[in-house]
Structures are given as C-alpha cells and as structure tokens.
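The values are calculated or read from the model by the stated rules, or taken from the named source; none is laboratory data. Bear in mind the structure is a predicted one, so any value in this text is a computation, not a measurement. Glycine also receives a Cβ, built like all others from the backbone with ideal geometry; neighbour counts cover every protein chain displayed.
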C-alpha cells in the first residue's frame with residue numbers, strides 16, 4: 001500500500017464493492033499510479049474510515065473492495081469561524097488550515113470593507129477535503145453559503161444564542177491570553193471566532209459586536225497581520241488554551 005493514500009467519498013461506506021467516480025479514479029490511476037491489489041483508505045464524516053483493495057482499473061474508472069473498518073469519525077471541538085473572503089491563493093491556504101486546526105463550521109461573510117465580492121464554496125470544500133486526506137483525519141468542516149455580515153449582526157441571537165464569540169479586532173487593547181485563560185475553566189463548549197478583511201471592521205460593525213453580551217474583543221499583537229495569518233494565529237491560541245490541544 002502506498003503510504004497514507006487516503007480518499008474522501010460521499011458514498012455510503014460499508015464492506016463490499018464500490019466504483020469510484022471519475023475524479024477519484026483519475027487521481028488513483030494517473031497521479032498515484034496505483035496497481036491491482038494495492039491498498040488504500042477511504043473515509044467520510046458519517047461512516048468513518050475503511051481499508052480497501054483495488055480490484056479493477058479501467059480507462060475512466062476504478063473499483064475497490066471495502067474490507068475492514070479502521071476508525072470512527074474524528075470529533076472536533078465545537079468552534080465556528082466567520083471570515084471575510086480574501087484573494088484566491090490565500091483563501092486556499094486559509095481553507096486548508098482551518099480544517100487542519102479543527103474548525104467545525106466556516107461562515108464566509110461580506111463586511112463593509114471586504115474587497116473580494118465573489119467566493120467559490122465548492123473550491124473551499126475541495127481544499128478542506130484535500131487537507132483531511134493528507135492529515136489523517138476524517139471529518140470535514142461544514143461550509144455555509146456566504147452572507148452579508150449585517151444580516152448576522154441583525155440576527156445575532158439566532159446565530160450565537162448558546163455560543164461565546166471571540167472578535168479579533170485590530171483596535172482592541174485586550175490581551176488574548178488573559179481573556180482566554182479567564183474563560184478556560186468556565187462551562188461553555190460552543191464558540192465562534194470572527195476575523196475581518198484586510199481593511200478591518202467599520203466603526204458600525206465594531207460597536208455592534210462589542211455591545212453583544214456574549215462577545216469578547218481581543219488583540220493579536222502589535223503588528224498588522226494578514227487575514228489568513230490571523231486565522232491560524234487565533235485558532236492555535238484557542239485550541240491550546242480552550243480547545244482540544246490542552247487534552
């Protein structure tokens with residue numbers, strides 16, 4: 001078996017024969033150069049991960065025999081990420097890292113200063129799947145359709161009724177370590193993190209968030225950092241202090 005050769009599938013996974021789709025078959029045949037009787041792993045969120053053998057290689061399709069169950073789906077800490085779309089190459093990076101860092105759900109948001117006005121949800125999901133395939137876990141973050149941030153502000157309780165919200169604000173004077181360490185022993189298992197666009201948040205957005213009872217504004221340090229860097233930074237700090245890194 002080629003080392004760590006894993007593929008994601010939306011099919012129901014159980015023991016028996018499965019014909020892979022054209023994209024998966026092309027990847028295994030022409031990219032990974034698999035051969036008959038080679039072993040792979042196949043997985044999804046619902047059915048977990050399974051060992052399988054290659055039993056047929058044709059021009060446009062490959063078939064596998066699913067044989068043995070490996071493990072159930074990973075359980076992510078319940079943290080959402082709301083982020084403003086950025087340029088494509090850095091959005092690809094952001095998508096992959098959110099999966100690696102254990103985010104449960106992604107919400108692309110159009111804020112007042114968001115410069116990128118179009119977003120490809122299918123491409124985000126493809127990047128999430130690629131990250132999961134390469135990093136040996138089998139849960140894919142859910143991706144919401146993009147929405148206007150004002151709609152979320154107007155329906156705050158609907159979105160965050162039982163969540164605490166970390167607001168990454170470049171103007172905040174609050175120390176992120178102090179804020180999160182103060183929260184780590186309090187009973188709350190659901191969180192959301194908001195990271196804005198390159199131009200930051202407008203005064204209206206900032207004041208609106210800060211007036212919410214369940215929000216806390218934090219600073220990510222004295223330097224101006226890009227949105228994708230901010231996402232990785234706050235997720236690393238969060239997982240270390242509150243999330244599943246501390247276990």
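Would you confirm, using the coordinates I've provided, whether residue 48 is surrounded by fewer than 19 Cβ atoms within 10 Å (Cβ to Cβ), closer than 17 Å to residue 128 by Cα and touching a residue at least 40 places away in the same chain (Cβ under 8 Å)? So residue 48 passes the test. The set of residues from the range 152-178 being surrounded by 13 or more Cβ atoms within 10 Å (Cβ to Cβ) and free of Cβ contacts under 8 Å to residues at least 12 places away in the same chain is empty.
Taken over the range 117-148, the criterion of being touching a residue at least 60 places away in the same chain (Cβ under 8 Å) and surrounded by 14 or more Cβ atoms within 10 Å (Cβ to Cβ) is satisfied by 129, 132, 133, 137, 138, 139, 140, 141, 146. Candidates 153, 128: the one that is farther than 30 Å from residue 24 by Cα and in contact with a helix residue (DSSP H, G or I) (Cβ under 6 Å, 6 or more places away or on another chain) is 153.
Screening 218, 225 for residues that are assigned by TED's automatic domain parsing to the domain that holds residue 108 and part of a strand (DSSP E or B) leaves exactly one candidate, 218. Going through (1) crowded, with 17+ Cβ neighbours inside 10 Å; (2) in contact with a strand residue (DSSP E or B) (Cβ under 8 Å, 6 or more places away or on another chain); (3) under 26 Å from residue 162 (Cα atoms) one by one, residue 62 falls short only on (3).
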